[in-house]
Amino acid sequence: MSAARSPSSTGLRQFLDLQLQHDWMEGKTILRDVDERLESLELRFKYIARFEKLLRRPQAPEVLEILRRYGRDCIPIPRRTERYYWSVSCLPSTAGKALVRINASWMELFSLYADGEDIRALFVVHLSDFTSDRSLDHGRVDEAFLESSVVTPEDVSYFFPRGEDMFGIKVRGFSSISKFLTTRRALQAIRVFNLTHMNRGRNAYQASHCYSLADHMLNDEQH
């Protein structure tokens, strides 16, 4: 694995040079991750009760499956960067009543919520990746693409969070979330946004990391 390890490197640049990051973002390479995970037993036990509560929810199988896909496809070297550069929270106490939330640096990346007995997702991405001319013009959102990236047009909506190049996408239903995650342009945009914030430095939400959820994200369910 090529790496840039100068003392001035921050974020993922400590592990992956910019070319490798770019190639992964475009789906041109598979990054080699570490086998062993660094783990805090204190944190693992701290959130077991919340994890078990989530498992009793009717949406639990769909939540775990979407998290598995997100961990596999949307986070670079997720084992090596676990907790310190990204984290996943279980039933976080913040507003909105999310079932799970993934963060990096100071930024929310992805959340899942109950929607009846199904689920809905919130993706935070760069606005410029979803405008027809790659501008920051709110009036240039490529609605046709968004509607084509889900099962039915009614499954997708959007809003503009605070920030110049910020875009929030809401997707309803397991099937539409799955389709969105496998649509090349959408997946690339998710990867770009995640790289942006993982490169900003250490994750501010380390203390809320739920290892039991991460086990599913990392296909490491023997715990």
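The numbers here are math on the coordinates, done by the rules we state, and not lab data. Being a predicted model, the structure only gives us computed values, none of them experimental. Please note: Cβ atoms are built from the backbone with ideal geometry, for glycine as well, and neighbour counts cover all protein chains shown.
Details
- Cross-chain or 6+ apart pairs with Cβ under 7 Å, region 39-56 first and of a type in the set (Ser, Thr, Tyr), then surrounded by 12 or more Cβ atoms within 10 Å (Cβ to Cβ): TYR47/CYS90; TYR47/CYS210; TYR47/SER212
- Single match in THR131, THR81 (criterion: within 16 Å of MET166 (Cβ to Cβ) and out of contact with any Ser or Thr (no Cβ under 9 Å at 6 or more places or on another chain)): THR131
- Among all residues of region 112-123, there is at least one that is over 21 Å from SER208 (Cβ atoms), in contact with a Pro (Cβ under 8 Å, 6 or more places away or on another chain) and of a type in the set (D, E, K, R).
- Odd one out for GLU65 among (1) among the charged types (D, E, K, R); (2) within 23 Å of ILE190 (Cβ to Cβ); (3) over 19 Å from the mean Cα position of the chain (by Cα): (3)
- Residues of region 83-139 that turn out to be basic (Lys, Arg), within 20 Å of ALA186 (Cβ to Cβ) and out of contact with any helix residue (DSSP H, G or I) (no Cβ under 6 Å at 6 or more places or on another chain), as a count: 2
- Considering region 21-31, and only residues there that are in a loop (DSSP other than H, G, I, E, B) and free of Cβ contacts under 8 Å to residues at least 60 places away in the same chain, the residue that is surrounded by the fewest Cβ atoms within 10 Å (Cβ to Cβ) turns out to be ILE30.
- Of LEU18, LEU64, LEU91, all but one fail to be of a type outside the set (Phe, Trp, Tyr), without any contact (Cβ under 8 Å) to a residue 60 or more places away in the chain and closer than 16 Å to SER212 by Cβ; the exception is LEU91.
- Filter pass, GLU154 being touching a Phe, Trp or Tyr at 6+ places or on another chain (Cβ under 9 Å) and farther than 26 Å from LEU31 by Cα: no
- Search result, residues across region 20-54 that are hydrophobic (A, V, I, L, M, F, W, C), under 16 Å from PRO92 (Cα atoms) and within 20 Å of the chain's Cα centre (by Cα): PHE51, LEU54
- Taken over region 127-178, residues that are of a type outside the set (Val, Ile, Thr), in a strand (DSSP E or B) and surrounded by 17 or more Cβ atoms within 10 Å (Cβ to Cβ) amount to 3.
- Matching residues in region 196-211 - criterion: being in a helix (DSSP H, G or I), touching a helix residue (DSSP H, G or I) at 6+ places or on another chain (Cβ under 8 Å) and surrounded by 20 or more Cβ atoms within 10 Å (Cβ to Cβ): MET198, TYR211
- The condition (being basic (Lys, Arg) and within 22 Å of VAL192 (Cβ to Cβ)) is satisfied by just one residue among ARG68, ARG57, ARG120, ARG50: ARG68.
- Highlighted here are the helices (runs of 4 or more DSSP H) found entirely within region 48-108 that include at least 1 residues which are within 19 Å of LEU16 (Cα to Cα) and not aromatic (Phe, Trp, Tyr): 60-73, 78-81.
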